[in-house]
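Note sheet for the following structure.
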Amino acid sequence: MNMNLFDRFRIPTGVLAAALAVVAIGVSLAHGAAIKVQEGAPSKFPSAAQASLNAASVMKAEIKNFRSARAKAIAAQNRTAFRHAINLGPLKTLAVQNQEEVKTLDTWARQVLQTITFYGSINGREPLYTALDMAYRPEAWDNRNFIYIMAVPIREQLGKLVTKAEAKRILEQGTVSPDFLAQPEVRRLLEHISRNGVLNSSVAQIGDALNAFKNMAAQLRIVPPLPSSKSKVWLNPVDLIPNTGVPPPPGMPLGKPVPGYSKQMSKRIVLGFVELFGGWRDNDAKLANAGINVLSGILPKVNKAAYPSYAKRVTEIWYNRLFDGTLVGVFFYFVSLTLFLIAAVGAAPGVRKVALGFFTVAVINHAAFTGVRWWLAGRIPIQNEFESVLGAALVGCTIGLILEYWKKNSLFGLAMSFVGFMAMTACFVMPYVVGTSMGANISRVDGMLSTYWLWIHVNVVISSYALIGASFCLGLLFLGIKGYYKLNPVSSYGIEPAGTHTTDEPHVGGSQGTAGGVALQAAPVAAANTVISPQMRRTQFLQQLDSANIVILQMAFWFLGSGIIFGAVWADYAWGRPWGWDPKETFALVTWLVYLIIVHLRFVTPKYRPTWTAVLSVAGFGVMMFNWIGVNFFLVGLHSYA
């Protein structure tokens with residue numbers, strides 16, 4: 001390496017110094033915050049950060065000149081050739097520490113773009129390319145409309161500050177530029193809106209997006225700590241410039257060397273970074289690719305114990321590309337749901353085996369992606385809403401698969417395919433509907449939550465939720481089919497077995513070893529020489545639906561009750577009390593009481609117990625959904641993380 005490694009670029013050293021100084025300032029601020037969080041440092045910047053802040057004032061004029069002189073040129077660059085020539089493959093698999101989590105740069109890019117733009121990409125381009133372009137060429141993005149505003153009322157208010165045409169665009173597209181948000185009148189308006197409690201979180205969302213864009217370069221902490229270091233904080237390559245022994249460009253402050261990193265290692269890392277950074281800004285793909293090769297070759301070797309394995313990093317990238325497995329799951333569960341429905345209503349009973357095959361593949365696929373997430377996260381994936389929804393569906397679908405292989409009636413497969421399909425669909429579309437991923441981003445679990453009682457409690461409770469969802473499906477199907485039968489009556493014909501009911505309300509006598517007065521075995525079958533009337537077929541099908549429903553209901557009742565008890569044990573361990581009338585605890589108890597009523601109501605309503613069971617199954621599902629999802633959005637409690 002030349003003694004002045006910055007001399008190799010066509011970029012003027014003053015310009016490069018200003019650009020690197022901006023990165024260094026952001027890195028120092030972010031690094032200081034990370035040190036405070038992870039090491040309990042006092043609430044002040046480290047000396048390196050303070051030096052950067054002092055240098056910022058000295059370099060203010062140069063940075064201003066840099067922006068004015070280069071902004072137009074950078075924005076006018078033709079990046080088509082660069083975009084096709086840049087090789088991001090090795091860079092995607094590099095790890096970065098962001099929000100105390102170690103993840104691939106591919107994952108980081110998708111997450112940060114979702115924060116800024118609502119979607120994980122812009123114009124369908126590679127997320128990492130867009131994120132690095134924002135980090136290394138912010139001038140080219142300052143005047144672009146890409147920061148997404150979720151709240152329509154805020155769009156309407158901002159529209160009053162611009163022309164009618166621009167106001168219409170903001171209202172329809174919901175995007176504005178960083179320069180627009182930097183205008184004093186816009187900032188005053190947003191501050192005024194934030195005082196409105198209803199829109200305060202929406203203003204915060206805009207602030208988070210803008211800050212994520214401004215601090216993009218500072219977030220690239222891609223240098224792992226040394227094996228001998230007690231710190232778990234990763235570094236930005238800029239931090240290692242003092243370790244190289246090479247004088248920085250004029251105007252850039254020389255901070256203190258980071259202990260432990262050798263001069264040779266630091267030079268290689270800084271060289272790779274400066275080649276990537278300089279090549280990216282100067283539209284030189286060859287130079288940027290050289291920097292990528294240097295970084296991808298040395299960074300995983302700095303601390304092999306702290307660095308994720310190559311297999312894990314590649315798997316994480318594919319996990320991202322497949323939308324966490326949700327899109328694949330939606331397909332298989334939907335096909336099995338459709339085929340089971342066709343088989344269950346008798347339109348084509350022969351397709352049941354095909355439906356069972358698709359259902360089996362769906363459950364295996366579901367379990368495989370759950371296992372991958374477990375491996376990537378290093379913990380059981382039951383921490384947040386995303387994981388609990390998919391976990392509940394997996395447990396329920398596994399139970400349904402076992403029952404379907406056992407009973408062979410298409411109903412258990414139908415009900416649980418519905419649960420799997422709805423869970424996968426919700427997790428896939430949620431980011432595009434409400435702007436949140438429900439926790440799809442992999443993160444660590446809080447220390448007090450990381451206990452085996454949590455795993456037992458959550459797994460049992462989410463199993464009950466899946467069963468409640470299946471009961472909802474069967475109850476809804478029962479009511480729909482019974483209503484259809486009422487609107488389209490048929491006349492009985494042929495010979496019917498003695499004692500067979502011919503009404504639409506199925507026979508629910510309790511003489512065959514019943515659960516709540518419903519036989520758990522198949523409906524009575526006529527003698528071989530007996531012709532079964534259409535009315536009897538209808539009655540038998542409704543009885544099968546009711547029988548399957550009560551089996552699932554009772555399982556849900558016992559699972560939920562046990563889960564509440566296990567939750568009390570865990571709460572006593574985690575919070576020092578078994579019960580505190582937290583909103584989630586309270587509504588879990590309410591949900592259990594609803595199903596207690598459903599199970600016991602069958603004993604006091606002999607004539608219409610299947611209908612009442614179906615009605616209350618649908619109503620109980622609504623109570624459960626409010627407890628599971630609604631409480632998190634509308635009420636504040638200790639369970640808001642799930």
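With kT/(6 pi eta Rh) evaluated at 20 °C and eta = 1.002 mPa s, and Rh the Kirkwood radius from Cα pairs, the range 111-157 diffuses with a coefficient of 186 µm²/s according to Stokes-Einstein.
For the range 269-304, trypsin sites (Lys or Arg not before Pro) meeting the loop criterion (DSSP other than H, G, I, E, B) and having at most 14 other Cβ atoms within 10 Å: LYS304. When +1 charges are put on Lys and Arg Cβ atoms and -1 charges on Asp and Glu Cβ atoms, the dipole computed for the range 103-200 relative to its Cα centre reaches about 240 debye.
In order along the range 350-363, the Karplus-derived 3J(HN,Hα) couplings, from 6.51 cos²θ - 1.76 cosθ + 1.60 at θ = phi - 60°, round to x, 7, 4, 5, 5, 4, 5, x, 5, 5, 4, 4, 4, 5 Hz, and Gly and Pro are given as x. For the set LYS232/LYS267; LYS232/LYS584; LYS232/LYS301; LYS92/LYS168; LYS72/LYS214, the pairs lying more than 27 angstrom apart at their alpha carbons are LYS232/LYS584; LYS92/LYS168. Note on the range 70-148: Rg/Rh from C-alpha atoms, Kirkwood Rh, equals 0.97.
Relative to its Kirkwood radius, the Cα radius of gyration of the range 285-440 gives an Rg/Rh of 1.14. In the range 285-348, one over the average inverse separation of all distinct C-alpha pairs is 15.9 Å, which is the Kirkwood hydrodynamic radius.
Rg of the Cα atoms in the range 182-338, relative to 2.2 N^0.38 Å, amounts to 1.45. A convex hull fitted around the alpha carbon atoms of the range 259-317 yields 100 Å³ per residue.
With each label modelled as a point 7 angstrom along the Cα→C-beta vector, the ASN293-LYS256 pair spans 3.8 nm.
The share of C-alpha pairs in the range 162-222 whose separation exceeds 17 Å stands at 51 percent.
What the range 91-157 shows is 32 Å² of accessible area per residue, with the surface traced by a 1.4 Å probe over protein heavy atoms.
The dipole here belongs to the range 237-388: it is taken about the Cα centre, uses +1 on the Cβ of Lys and Arg and -1 on the Cβ of Asp and Glu, and is about 460 debye. If you take the alpha carbon atoms of the range 144-262 and fit the smallest convex hull around them, that volume is 163 Å³ per residue.
The values are calculated or read from the model by the stated rules, or taken from the named source; none is laboratory data. For clarity, every value in this text was computed on a predicted model and none was experimentally measured. Because the Cβ atoms are built from the backbone with ideal geometry, glycine has one as well, and the counts that use them run over all protein chains shown. Heads up: the accessible areas ignore ligands, DNA and RNA and are worked out on the full protein's heavy atoms, side chains in. Shrake-Rupley method; radii C 1.70, N 1.55, O 1.52, S 1.80 Å.
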